[in-house]
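Notes follow the structure.
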Amino acid sequence: MINYIIKSSGGKTSRSDAQKIVNTVNRVSSQYNFPPAYIYGIIEAESNFRNLPANRADARGVMQVTPGTSAAQVGCTGNLYNIEYNIECGVKYFDWMRKNASHYGIKNLSDLAAAYNCGPGCFKSGRWKNLSETTNYIKKVPAYGNKITSTAGLSPLDMTQFPAGTGGTVSGNNIKTASVNSSLMVDWDAVQSEIAGMINDGISKLAPGLLVLLSVLTVLEIMWVLYGYIVKNVLENLWMSLLRIIIRFSILAYVIPNAISLIDMGYGIFSGIGSYFMGNSGGTVTLNSIWAIAGRETGKILKIINESNFNFSILLLIQGYFLKNLGKCYC
């Protein structure tokens, strides 16, 4: 197994660090009753067994644990670049999600992997099904895990199973007990998902009526402008007024059906910042940490835009088209 880890990491993980990974996985898999192959599969999918620096989402180490969300949820406030500690925190987060499985709709190890990748709130909402990163992730984990079983002589990994929890607790390196800490933590992913869901239900009922109302008001406004043109016979005012009406209609017609995505983006920023400061309550907030959270939230915004059907270029093209034709009319 040591040689497998070193090879998977591209030679970037030392033999001593590989030994730490093996020792820690053996210990926490028994302590929390998760198959060793499952933990290995997660680690390889996350980092290829490399102790990675923080990425744009502020995920760190071999299991890519985030200090402001997953780590904070289970009371991990120590050094996430410590390999043993990082794995302990990651598996403890598995255990926390398993304890809350009924709330999030997690039924097996495959669901748990999806929730670990995109967040339990994301899993509960079903958004993960449209995320290629997550759908590919739940294929990688068993593929890696079962490849490792033959190498390490472990039992085959069955992603449809869901082993019961043992109720164990991780000791050392500033990990608090779940009974105390979980009562003080806010699951920002769940809050965001539930509020977005309520807003979505309301908008889905209102959107068709709002679009009809918008169309009627736009037609009435155009008629009013045309009436003014007939009375005053001013061509310039007519074109400028029609241009403003059409641009405003285009923007509103786009915003209304996409309001849930816009609101979810805004609430995502709020929840991300909130989760950071909740996770660091009692700690020291530094300029470096502020830069880190700013970078993480920027990455989140870009990811939401990329995963949505936003196309801001359409609005720019619409405006450019009318301005171009307006110029032709003046010639």
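Condition first: at pLDDT 75 or above, more than 19 Å from Y38 (Cβ to Cβ) and not assigned by the TED database to the domain that holds N100. Can you find one or more residues in region 187-195 that meet it? Among the residues of region 187-195, not one is at pLDDT 75 or above, more than 19 Å from Y38 (Cβ to Cβ) and not assigned by the TED database to the domain that holds N100, which makes the answer no. Find the residue count for region 21-41, including only residues that are part of a helix (DSSP H, G or I) and more than 18 Å from I138 (Cα to Cα). Adding up the residues that qualify gives 12. Here the helices (runs of 4 or more DSSP H) wholly within region 79-167 that include at least 2 residues being more than 20 Å from the chain's Cα centre (by Cα) and either surrounded by 14 or more Cβ atoms within 10 Å (Cβ to Cβ) or of a type in the set (S, T, Y) (or both) are 83-99, 132-152. Please specify each residue of region 1-20 satisfying the condition of being closer than 28 Å to D111 by Cα and part of a helix (DSSP H, G or I). Scanning region 1-20 gives Y4, I5, S8, A18, K20.
Residues in region 42-60: is at least one in a helix (DSSP H, G or I), touching a residue at least 60 places away in the same chain (Cβ under 8 Å) and more than 25 Å from T149 (Cα to Cα)? Among the residues of region 42-60, not one is in a helix (DSSP H, G or I), touching a residue at least 60 places away in the same chain (Cβ under 8 Å) and more than 25 Å from T149 (Cα to Cα), which makes the answer no.
How many residues are in contact with a Phe, Trp or Tyr (Cβ under 9 Å, 6 or more places away or on another chain) and aromatic (F, W, Y) if we restrict to region 62-101? Residues meeting the conditions: 2.
Among the conditions (1) under 24 Å from the mean Cα position of the chain (by Cα); (2) assigned to a loop (DSSP other than H, G, I, E, B); (3) modelled with pLDDT under 65, V170 misses just one, which is (1).
The values are calculated or read from the model by the stated rules, or taken from the named source; none is laboratory data. The structure presented is a predicted model; accordingly, all values stated were derived computationally and were not measured. Cβ atoms come from the backbone with ideal geometry, glycine included; neighbour counts cover every protein chain shown.
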